[in-house]
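Scroll down for the structure; my scribbles are underneath it.
The values are calculated or read from the model by the stated rules, or taken from the named source; none is laboratory data. Here the structure is a predicted model, which means the values were calculated and not measured. Here Cβ is always computed from backbone atoms with ideal geometry, including for glycine, and neighbour counts include all displayed protein chains.
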Amino acid sequence: MPVDPKRLTDLLALSHIPRWSIVPRLKEQSVSDHVFRVLVIALEIYARLSLEMPAIVWLWVLTHDADESRTGDIPTPAKEFLNYPEIGTFCTWLAPLRLDPEDRMLTKLADLVEAYTWIAINGTGHHADFVSDRMREEIDDTMADADDPGQLNTVIKTIINDIAGDVGRLQG
């Protein structure tokens, strides 16, 4: 990745960009907190599948929401309505990272598991429940495309249950 002076400030800005602007929640979450949690979950997915996480995946996870330093966290319905562009549209320093299909699926799952568990634990009200249910459906749909959906399903359910701990709000 070439050196660009905006990269430093763009990525550091994620620490004060809030997530979940249209979902009632018990506490705030910044984009950088989300990114850190996605990285931890991705590491755990790879470890439980006895895979080594490639450096390109580390880089993708750390930068996948960099554009939000310029746009803020745009709610999914707005992204869908606007046919939101690819990663790197606003942070032009972000070179397109080419992940192989398996890494793309596993990082997508890490991102979805983080969002699902965070909002299921911290969201409040009907809309938070709706978002949580939608995230869970997307996790299941993504796992259905795996080469070995049984093993992946077991790993993802275990991670979700581990994150939920004794909160009691999530069911694997």
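When only residues in the range 112-133 that are surrounded by fewer than 20 Cβ atoms within 10 Å (Cβ to Cβ) and of a type in the set (Asp, Glu) count, which is farthest from residue 20 (Cα to Cα)?
It comes out as 133.
Is it true that residue 145 is over 19 Å from residue 17 (Cα atoms), surrounded by fewer than 17 Cβ atoms within 10 Å (Cβ to Cβ) and in contact (Cβ under 8 Å) with a residue 12 or more places away in the chain?
yes
When the residues of the range 20-36 are filtered to those that are within 20 Å of residue 97 (Cα to Cα) and either out of contact with any Ser or Thr (no Cβ under 8 Å at 6 or more places or on another chain) or among the hydrophobic types (A, V, I, L, M, F, W, C) (or both), which remaining residue is surrounded by the fewest Cβ atoms within 10 Å (Cβ to Cβ)? First the steps, then the outcome.
Applying the first criterion (within 20 Å of residue 97 (Cα to Cα)) to the range 20-36 yields 31-32, 34-36.
Now restrict to residues that are either out of contact with any Ser or Thr (no Cβ under 8 Å at 6 or more places or on another chain) or among the hydrophobic types (A, V, I, L, M, F, W, C) (or both): 31, 34-36.
Details: 31: 23, 34: 22, 35: 22, 36: 16.
Among those that are within 20 Å of residue 97 (Cα to Cα) and either out of contact with any Ser or Thr (no Cβ under 8 Å at 6 or more places or on another chain) or among the hydrophobic types (A, V, I, L, M, F, W, C) (or both), it is 36.
Are there helices (runs of 4 or more DSSP H) fully within the range 1-81 with at least 1 residues that are of a type in the set (A, V, I, L, M, F, W, C) and under 15 Å from the mean Cα position of the chain (by Cα)? List them.
Ranges flagged: 31-48, 55-63.
Output the qualifying pairs, or none if there are none: Cβ atoms under 6 angstrom, residues six or more apart or on different chains, first residue in the range 150-168 and closer than 18 Å to residue 46 by Cβ, second residue surrounded by fewer than 15 Cβ atoms within 10 Å (Cβ to Cβ) and modelled with pLDDT under 90.
157/172; 160/172
Specify which of the listed residues (143, 105) is within 18 Å of the chain's Cα centre (by Cα) and under 27 Å from residue 10 (Cα atoms).
Answer to the selection: 105.
For the condition surrounded by 11 or more Cβ atoms within 10 Å (Cβ to Cβ), without any contact (Cβ under 8 Å) to a residue 60 or more places away in the chain, out of contact with any Ser or Thr (no Cβ under 6 Å at 6 or more places or on another chain) and under 25 Å from residue 153 (Cα atoms), what is the one hit in 8, 43?
Answer to the selection: 43.
Only one of these conditions is not met by residue 111: (1) out of contact with any helix residue (DSSP H, G or I) (no Cβ under 7 Å at 6 or more places or on another chain); (2) in a helix (DSSP H, G or I); (3) not polar (S, T, N, Q). Which number is it?
For residue 111, the exception is condition (1).
Quick check on residue 104: is it among the basic types (Lys, Arg) and outside any helix (DSSP H, G or I)?
For residue 104, the condition - among the basic types (Lys, Arg) and outside any helix (DSSP H, G or I) - is not met.
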